[in-house]
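Taken together, the values in this text are just the output of simple stated rules run on the coordinates, not laboratory data. Predicted model only: the values in this text are computed from it and were never measured. Note: ideal-geometry Cβ built from the backbone for every residue, glycine included; neighbour counts use all protein chains shown.
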């Protein structure tokens, strides 16, 4: 069976395909923004080298590039968070110095950062007026709330000014961020990977809002590494690769394949080959499992499913619908409040992480820095972390450094981990190589069941491909895999079956070759599988 | 009975006032994200220097000014270490307490007059006298509220003003944002270092007044360790008040009240060890901490500033 991940590319652009209006770009003589020769260096790294950006009023520009290509850095320079080492910025034809976010704001530049810049404990209104230059000493909150309501009506951004940020969903928080920029009268909006946390439906709404704002003459730059968003959102696209500007294209004169090639600097294989293979016995079985979140509220309710050896079960869903708790109960990091977990036909409900590891379960954690590696330990020790308790790595209760090093060299070679030496501290590795380190350790230690949470998140195209191929290879070798991901392409391409989580419940499980993105999107928004066909 | 309550209230207010100054000061400092554990040392230093100033000049005003100067100066050392040098705030604060305690006791043996071999201990200087407000001070029970010195009257204003400033003004909004989420505050154009310096030093000045209140009003004169651990009580009080200046009054009344009850009990020759009463405030603080940890929704509303004791630099990842 061959699954082509992006083959009908129109299909990939699914959330946007039917509402994407291409406008004829009107050329005004002066660009609203002109960045020339921007260079920004960090210790040991050149993040941007001689990059130009040009933006005209009413335009949407997409900045496309792999992780670490320098997109966010470039925009942080524009938003005043970083200072460029070289280069000039012109706004409406006038040269400007942007030394701080305050300067940027004064020039009408507003940025929505990837991690939202909101104060959790304060209200929506307080967040929106925070730091306004002309705010009176005692702000009149009645007026402020009135104005917010007015703006939210006009742009269809429903949110209650008096609710506190921590009570809002991620989608609502993004609305607050957008309102914040509009309230400040920003003319140039920068959005850093705005759709990463949204449901397809919410992404659709966001596009509508962007359209309305550009119709009013505002301009927008958005950062992404998803080709389909470039096609759906933008008028122009600029591609960055390793800190350099590779190309500038008018969006309707290019296509995803070309963009992908420019982005990584080589042709990308967008196909994953999967051989048909027989499934074994049931490796993991959940029966009516429930669990609470940290606040003591139900996070998982009545979850039941099975994974056979050699099967990959994908778990889809918008972040925060119980994926975290699901992974934690399966790895012994959280207790269930009801139901049974059986691993290889043995009851493993509420057992300790060590007992679960000993029963042959491996875990690729969602937060690879916090739970995947010990940053201040060497790569070799990190690689040995799962099997150091047993011979040959341990002898009479003492570790055997030479054998650990041997093991590490072998794995570094096998998984092509890019590290200066096996003794290098893990924290100095790039995100992709940290992930490869974890993958090497977990796959090596795995004896039958792999729990993988977002294994390719934030990795560049090359590393993503590597990770996905490894998963498929493992399943062909007979491992049962639970793959939690927010990337629908990945799920459809890698998994055999896909379960969709919504508010802690399984909306349905369907074979991935019958899963179209429209259907998955509806299920992610809370529609049961049976109802989607109706 | 009425006479007993009246006298309890009088003592409570007098011993509570210095706690309130220091608590409100520390609340402002912690709201900006800076944890200052140097309060004990700062209170001792301002107590000794303000008393010496008053003794030599006879001016209470200069004494208070000196206390604010000393408190502010010591706080600015802490500010420099924790904001500019990004040092560990616990270490820096504790060193300030150690330094301040030793230095205060040294100064207590040097700042006195030659006639007393430089010692300040045992000397009598000017002190703040109670000002009875006509009619109001004659009321039963609550009369004590209106028969206090000027420093205590200022406390009556400090509490509501401190609350209003923090929750209703632009500056208070900025301050809260800096302590909760400096990245966001920075992106919104607020100068983090400036805000943190400002409120660490302002907090230090209030702590200074709290120290001066001890040597100029509560127990006039200088004795070794005049604070009797009040600087640590303040740290507990900040938690007990859940970082809200208005609530500082309850903590101060609780702590001051226990002080007052202790006086009465000792006078009546009780056999209950004083240690039991002394324990109460700390038990109350532990109770508040447990509640805050256990009840997350509450701690979001009234808990510690999220960025407390964390240094911030813009280009940090």
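Can you sort A:416, A:290 from fewest to most other Cβ atoms within 10 Å of each residue's own Cβ?
Details: A:416 11, A:290 18.
Lowest to highest Cβ neighbour count: A:416, A:290.
Taking 0.36 nm per residue of separation and subtracting the Cα-Cα distance, full extension of the segment from residue A:273 to residue A:147 would add 39.9 nm. With N the number of residues in the range B:188-234, Rg(Cα) / (2.2 N^0.38 Å) evaluates to 1.58. Between residue B:169 and residue A:358, the C-beta separation translates, for a Förster distance of 51 Å, into a calculated FRET efficiency of about 0.30. Remark on the range B:68-112: ratio of C-alpha radius of gyration to 2.2 N^0.38 Å is 1.28.
Please list B:280-289, B:78-87 highest first by mean number of surrounding beta-carbon atoms within 10 Å per residue.
Working: B:280-289: 15.3, B:78-87: 18.4.
Per-residue mean Cβ counts within 10 Å order the peptides as B:78-87, B:280-289.
Here the simple spin-label model places points 7 Å from the Cα toward Cβ, and for residue B:153 and residue B:56 these points are separated by 3.0 nm.
Taking a point 7 Å from the Cα of residue A:319 along the Cα-to-Cβ direction, the residues of the range A:110-130 with backbone N closer than 14 Å to it are A:113-118. Debye calculation, C-alpha points only, no solvent: report log10 I(q)/I(0) for the range B:230-317 at q = 0.21, 0.22 Å⁻¹, in the same order as the q values. Here the Debye-derived log intensity ratios amount to -1.01, -1.07. Distance between the modelled labels on residue A:255 and residue A:288, one decimal in nanometres: 5.4 nm (7 Å Cα→Cβ projection).
Taking a quarter of the surface of the convex hull around the Cα atoms of the range B:214-262, what do you get in nm²?
Numbers: hull surface 15.0 nm².
Answer in nm², one decimal: 3.8.
Based on Cα contacts under 8 Å between residues 6+ apart, chain B shows a relative contact order of 35 percent.
Take peptide B:168-179, look around each residue's Cβ out to 10 angstrom, count Cβ atoms belonging to other protein chains, and average those counts. Before the final figure, lay out the partial values.
Values: counts 4, 5, 9, 3, 2, 10, 3, 0, 5, 8, 1, 2.
Counting Cβ atoms of other protein chains within 10 Å of each residue's Cβ and averaging gives 4.
Fully extending the segment from residue B:290 to residue B:313 would add 5.1 nm, taking 0.36 nm per residue of separation and subtracting the current Cα-Cα distance.
Could you identify which residue out of B:171, B:147, B:36 has the top mean-square fluctuation in a GNM of chain B using Cα springs shorter than 10 Å? Largest GNM mean-square fluctuation: B:171.
Between residue A:477 and residue A:137, the simple spin-label model (points 7 angstrom out along Cα→Cβ) gives 7.1 nm.
Taking 8 Å as the Cα distance limit and 6 or more residues as the minimum spacing, I'd like the relative contact order of chain A as a percentage. Working shown, then result.
Details: 1052 pairs, mean separation 83.0, N = 534.
After rounding, I find 16 percent.
As a check on your grasp of the helix formula, calculate [θ] at 222 nm for chain A: sum -39500 (n - 2.57) over DSSP H runs of n ≥ 4, divide by the residue count, round to the nearest 500.
-9000 deg cm²/dmol
Computed extension length for residue B:261-residue B:88: 58.4 nm, one decimal, from 0.36 nm per residue of separation with the Cα-Cα distance subtracted. Comparing B:74, B:43, B:188 in a Gaussian network model of chain B where C-alpha atoms under 10 Å apart are linked, the largest mean-square fluctuation is found at B:188.
From most to least packed by mean Cβ count within 10 Å, the peptides A:314-320, B:307-313, A:400-406 give A:314-320, B:307-313, A:400-406.
Look at the stretch A:199-206: the mean tally of other chain Cβ atoms within 10 Å of its residues' Cβ atoms is 0.
At q = 0.09, 0.10, 0.17, 0.18 Å⁻¹, what log₁₀ I(q)/I(0) does the range A:105-246 have when each alpha carbon counts as one equal point scatterer in the Debye sum? Debye output, listed in q order: -0.28, -0.35, -0.97, -1.08. What the Cα atoms of the range A:238-378 give is an Rg and a Dmax of 21.0, 58 Å.
Considering only beta bridges that DSSP places wholly inside the protein assembly as shown, some 55 percent are antiparallel.
Derived value for the protein assembly as shown: Kirkwood hydrodynamic radius 30.9 Å. Basis is the mean of 1/r over every pair of different alpha-carbon atoms. What do you get for Rg/Rh of the range B:2-316 when both radii come from the Cα atoms and Rh is the Kirkwood radius? Rg divided by Rh gives 0.98.
Taking other Cβ within 10 Å of each residue's Cβ, how do A:83, B:230 sort, fewest first? Display every interim value, and only then the final one.
Numbers: A:83 14, B:230 24.
Fewest to most other Cβ atoms nearby, the residues stand as A:83, B:230.
Within the listed set B:68, B:279, B:242, the Gaussian network model of chain B (springs between alpha-carbon atoms below 10 Å) gives the highest mean-square fluctuation for B:279.
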